[in-house]
Amino acid sequence: MKNVLVSTMAMAAAVLASSASAETLTIATVNNGDMIRMQKLTDDFTKANPDITLNWVTLEENILRQKVTVDIATKAGQYDILTIGTYEVPLWAKQGWLVSLDDLGADYDIDDLIPAIRTATSYEGKLYASPFYGESSLLMYRKDLFDKAGLKMPEKPDWDFVASAARKLTDRSADISGICLRGKAGWGENMAIINSLANSFGVKWFDEKYKSQFGTKGWHDVLEFYVKLMKDAGPVGVSSNGFNESLALFQQGKCAMWVDASVAASFISDPKQSKVADKVGFAIAPDQAGSGDHGNWLWAWNLAIPTGSQKVEAAKKFIAWATGKHYIELVAQKEGWANVPPGTRQSLYKNPEYLKEAPFAKMTLDAMLSAGENKPKAQYSYWQYLILPEYQGVGTAVGQLVSGAVSGNMTVEAALKQAQQVTDREMAKAGYQK
């Protein structure tokens with residue numbers, strides 16, 4: 001009896017010791033499909049790491065950005081792992097706010113990362129965020145609606161063709177919009193498509209002295225084109241639609257075309273999620289009148305560790321799992337190769353199973369690689385966002401003005417005038433304009 005009692009006490013002590021040593025990682029992430037899928041698959045991680053538990057904080061994109069920015073800037077230490085974009089990585093690494101991730105282990109295979117994405121998630125040659133998925137932009141469309149209307153998608157469409165086709169394909173009686181584009185205000189929401197349009201129209205934010213260009217004819221053409229297109233062929237209530245809302249509309253068969261992130265390709269092609277999965281076609285993002293600049297962006301959602309975390313080693317274990325080759329294989333096993341997180345690893349684009357199941361794979365990779373060309377040589381890197389510390393603020397402010405124009409609450413001219421005023425004021429305050 002004494003031996004049994006001693007044994008029982010020893011077991012209880014071991015359980016208490018294990019509980020005391022267990023670490024809970026609080027992970028802030030975005031509410032998109034790939035991240036939600038990751039949460040469902042984390043039993044694979046916790047079984048291998050029983051001493052680590054996971055606490056998820058899943059937020060809408062704009063809210064996520066606000067909360068993690070405040071948390072890291074104030075060193076509040078609320079989160080152990082942050083989901084951040086390629087915009088934040090170099091800026092926050094420069095501030096010393098992120099832990100270096102160059103030591104995630106041999107199995108992680110850092111050299112397998114796509115060079116453009118590795119560069120975008122590094123600072124001074126060191127990796128500061130591990131890419132979960134990468135993307136560019138694509139034109140996604142309904143082949144059946146094109147056939148019915150007697151339209152053929154060009155190999156390299158331009159925005160004039162897209163606008164003309166969108167107006168022909170719009171059928172308000174059937175609740176089908178000719179084209180769905182983001183309208184929700186936010187530097188990472190509607191400004192993603194606005195900046196992509198601006199790139200393809202050959203328009204930039206600033207001149208060489210960082211003077212805002214919103215008063216130019218070029219920007220007037222960009223915003224007027226967008227506003228008219230959404231009025232004629234866009235969905236009702238477009239100013240409320242971000243990526244997730246536009247994705248849902250396309251999956252429900254309510255969009256004839258959609259220009260947005262290439263990561264959406266797997267979701268609209270999945271018959272479990274999309275009513276039009278067998279009717280989808282893909283094309284390169286449009287340029288403007290043969291300019292050759294397709295405005296295709298480069299972006300990745302990444303996992304990073306704030307320097308305020310007290311659980312760095314546990315956080316690194318999770319990041320190595322979630323962004324490594326094993327996780328890609330796990331998703332392929334559970335969900336099929338077409339649904340693995342794309343755009344981060346070179347080996348994925350050499351995998352015949354993935355290439356067979358994902359007809360959008362090569363087009364996505366080509367778009368990402370071309371988007372990454374020559375950006376570091378520019379005055380300021382400019383994809384669907386500007387890599388400037390001030391952009392989060394001015395991009396959001398301009399996004400709100402664009403949303404006001406597309407909803408009809410202000411004219412294009414008024415929106416651009418205010419955009420120029422707020423941008424010049426902030427850039428002057430930050431010392432760019434001498």
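Structure values in brief
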{"item": "Scan of the range 272-301 for residues that are under 23 Å from R65 (Cβ atoms) and either part of a loop (DSSP other than H, G, I, E, B) or touching a Leu at 6+ places or on another chain (Cβ under 8 Å) (or both), ordered by number", "result": "G295, N296, W297, L298"}
{"item": "Condition met for W219 (in contact with a Leu (Cβ under 8 Å, 6 or more places away or on another chain), under 24 Å from K143 (Cβ atoms) and either assigned by TED's automatic domain parsing to the domain that holds L145 or modelled with pLDDT of 95 or more (or both))", "result": "no"}
{"item": "Candidates A233, A248, A264 - the one that is modelled with pLDDT of 95 or more, under 17 Å from I193 (Cα atoms) and in contact with a Lys or Arg (Cβ under 9 Å, 6 or more places away or on another chain)", "result": "A233"}
{"item": "Residue satisfying all of: in the range 46-67; in a helix (DSSP H, G or I), free of Cβ contacts under 8 Å to residues at least 40 places away in the same chain and not aliphatic (A, V, I, L, M); nearest to G308 (Cα to Cα) among these", "result": "K67"}
{"item": "Condition met for S407 (of a type in the set (S, T, Y), farther than 19 Å from A264 by Cα, at pLDDT 95 or above and not assigned by TED's automatic domain parsing to the domain that holds F214)", "result": "no"}
{"item": "Those residues of the range 277-299 which are crowded, with 24+ Cβ neighbours inside 10 Å and free of Cβ contacts under 8 Å to residues at least 40 places away in the same chain, in sequence order", "result": "none"}
{"item": "Helices (runs of 4 or more DSSP H) wholly inside the range 68-155 that include at least 3 residues being closer than 23 Å to T29 by Cβ", "result": "88-94, 115-120"}
{"item": "The range 301-339: number of residues that are surrounded by 17 or more Cβ atoms within 10 Å (Cβ to Cβ) and without any contact (Cβ under 8 Å) to a residue 60 or more places away in the chain", "result": "3"}
{"item": "Test for L169: is it touching a helix residue (DSSP H, G or I) at 6+ places or on another chain (Cβ under 9 Å), over 26 Å from Q251 (Cβ atoms) and at pLDDT 95 or above", "result": "no"}
{"item": "Candidates A367, A361, A405, filtered to the one that is surrounded by 20 or more Cβ atoms within 10 Å (Cβ to Cβ) and without any contact (Cβ under 8 Å) to a residue 40 or more places away in the chain", "result": "A361"}
{"item": "Some residue of the range 400-421 being in contact with a strand residue (DSSP E or B) (Cβ under 8 Å, 6 or more places away or on another chain) and either small (G, A, S) or closer than 20 Å to I193 by Cα (or both)", "result": "yes"}
{"item": "The lone exception for K148 - which of (1) at negative phi; (2) modelled with pLDDT under 95 it fails", "result": "(2)"}
{"item": "Which listed residue is surrounded by fewer than 23 Cβ atoms within 10 Å (Cβ to Cβ), out of contact with any Asp or Glu (no Cβ under 8 Å at 6 or more places or on another chain) and under 27 Å from P389 (Cβ atoms), from G242, G218", "result": "G218"}
{"item": "All positions within the range 125-176 that are within 30 Å of A320 (Cα to Cα) and in contact with a Gly (Cβ under 6 Å, 6 or more places away or on another chain)", "result": "Y133, G134, E135"}
{"item": "Meets criteria (surrounded by 21 or more Cβ atoms within 10 Å (Cβ to Cβ) and touching a Cys at 6+ places or on another chain (Cβ under 9 Å)) for S177", "result": "yes"}
{"item": "Per-region count, the range 302-342, residues of a type in the set (A, V, I, L, M), closer than 23 Å to T26 by Cα and either at pLDDT below 95 or part of a helix (DSSP H, G or I) (or both)", "result": "9"}
{"item": "Qualifying positions in the range 101-117 - more than 14 Å from the chain's Cα centre (by Cα) and surrounded by 18 or more Cβ atoms within 10 Å (Cβ to Cβ)", "result": "L101, L104, Y108, L113, I114, A116"}
{"item": "Any chance R167 is over 24 Å from S370 (Cα atoms) and touching an Asp or Glu at 6+ places or on another chain (Cβ under 7 Å)", "result": "yes"}
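The values are calculated or read from the model by the stated rules, or taken from the named source; none is laboratory data. These figures come from a predicted structure and were not determined experimentally. Here Cβ is always computed from backbone atoms with ideal geometry, including for glycine, and neighbour counts include all displayed protein chains.
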